[in-house]
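Worksheet for the structure shown next.
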Amino acid sequence: MNKLPTLNILIFLLVSCVSKEKKEAEFYVETQTSFFGLNHSDWTKSKWIRKPENLKMIHETFKKFGYEKLESGIYKSENLFIANGIYIKRNFDNVLDSLELTYNKPEVQTKYYTEFWNRRKAEKNDSIIYEIIREFNSLKKGQRRLNYENEFVNDTLVDLLKIEFDNDNLNSKKAKSDFYTFKKYGLHQSAYNLLYERAEYSELELDREKLKKELTKATEFTYPWLIDTEK
C-alpha cells in the first residue's frame, strides 16, 4: 500500500493545526504625537525637526527632563559620534565647542563650520541651534542643570522620555505605571507592546490579559511610539 498520500494528509493536518493556533495580529489605537518623527524618522531628511519652534520645544523639554540623562543615546569615541543613526567622523565635544566659537564669526570659520552655519541660516534656525549648543556646552563646563522655560515644555514628551531613559530600576510597579502613561496619552499600541513585545518588560509580573482588556482595538496597524522588539 502506498503510504505517501496518508503522509501528505497527516502533514497537511499538522500544518493546519499550527496555523489555527497561531496568534492573530492585534491592532490598537495609537495617537500620532506632534513629535512622533523625533523617535521614528531620518533626522537628515526631517523638515519638522528643522522648524525653530519645534527645536525650541525639544530643547526646553530636554532641559526639564535633563540632558545628562540623554547622553546614553549618543555613542562617542575619539573621532566619531553617532546619534539617531547619524554618523559624524569628528570628535563630539570639539565640534560643539567649535560651533559655538564660530557662530557669526566668518573670519574664524573653516569650510566645515562655514557650510554648517550657512545651512542653518538658510533654514532660519541658526539662532536656536546656537542657543542649544551654547547651553549644552555649559553642562560640560560643570553646570549641573539648565533652567528651562516651562511655557515651551511638552509634558507628554517628558513622560515618554521617563519611560525610555529612567528604567535602570525597572520593576512591576513602574511597568504598570508606564502602561497607564501610554494609555493616558492614547498610545494603546505602545501599551500593548509593553505587555507582550518588549524584552525589558517580559519577565516582570503583570496581569497582562486584564490590562490588555483596557485597551481600545483598531482595525488597522498604526506605527507606535514604543516599537515591537520581539520579532
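Residues that are open to solvent by 30 Å² or more (accessible area, probe 1.4 Å) and either over 17 Å from N39 (Cα atoms) or of a type in the set (K, R) (or both) within region 181-205 comprise K183, K184, Y196, R198, A199, E200, S202, E203, L204, E205, listed in sequence order.
Counting only helices (runs of 4 or more DSSP H) that fall entirely inside region 43-122 and contain at least 1 residues that are within 16 Å of the chain's Cα centre (by Cα) and in contact (Cβ under 8 Å) with a residue 12 or more places away in the chain, the qualifying elements are 52-65.
Right, F136: without any contact (Cβ under 8 Å) to a residue 40 or more places away in the chain, under 17 Å from N94 (Cβ atoms) and either open to solvent by 90 Å² or more (accessible area, probe 1.4 Å) or not charged (D, E, K, R) (or both) or not? Reasoning before the result, please.
On the way: without any contact (Cβ under 8 Å) to a residue 40 or more places away in the chain: no; under 17 Å from N94 (Cβ atoms): yes; either open to solvent by 90 Å² or more (accessible area, probe 1.4 Å) or not charged (D, E, K, R) (or both): yes.
Judged against the criteria, F136 is not a match.
Residue check: A122 meets all listed conditions (1) loosely packed, with under 14 Cβ neighbours inside 10 Å; (2) closer than 28 Å to Y180 by Cβ; (3) of a type in the set (A, V, I, L, M) but one, namely (2).
Screening region 172-201 for residues that are of a type in the set (S, T, N, Q) and touching a residue at least 24 places away in the same chain (Cβ under 8 Å) and picking the one that is farthest from W225 (Cα to Cα) gives S172. Filter region 167-180 down to the residues that are among the basic types (K, R) and surrounded by 14 or more Cβ atoms within 10 Å (Cβ to Cβ), then identify the one that is farthest from I132 (Cα to Cα). For region 167-180, the residue satisfying everything is K176. For E164, state whether it is touching a Leu at 6+ places or on another chain (Cβ under 9 Å), assigned to a helix (DSSP H, G or I), open to solvent by 60 Å² or more (accessible area, probe 1.4 Å) and of a type outside the set (G, A, S). So E164 fits the description; yes. On the stretch given as region 206-228, residues that are open to solvent by 70 Å² or more (accessible area, probe 1.4 Å), without any contact (Cβ under 8 Å) to a residue 60 or more places away in the chain and in a loop (DSSP other than H, G, I, E, B) total 2. If only residues of region 139-161 that are in contact with a helix residue (DSSP H, G or I) (Cβ under 6 Å, 6 or more places away or on another chain), assigned to a loop (DSSP other than H, G, I, E, B) and open to solvent by 30 Å² or more (accessible area, probe 1.4 Å) are counted, the one that is nearest to N39 (Cα to Cα) is N154.
The values are calculated or read from the model by the stated rules, or taken from the named source; none is laboratory data. All figures in this text were calculated on a predicted structure; none of them were measured in a lab. With ideal geometry, Cβ positions are generated from the backbone for all residues, glycine too; neighbour counts draw on all protein chains shown. Ligands, DNA and RNA are excluded from the accessible area calculation, which covers all protein heavy atoms including side chains. Shrake-Rupley method; radii C 1.70, N 1.55, O 1.52, S 1.80 Å.
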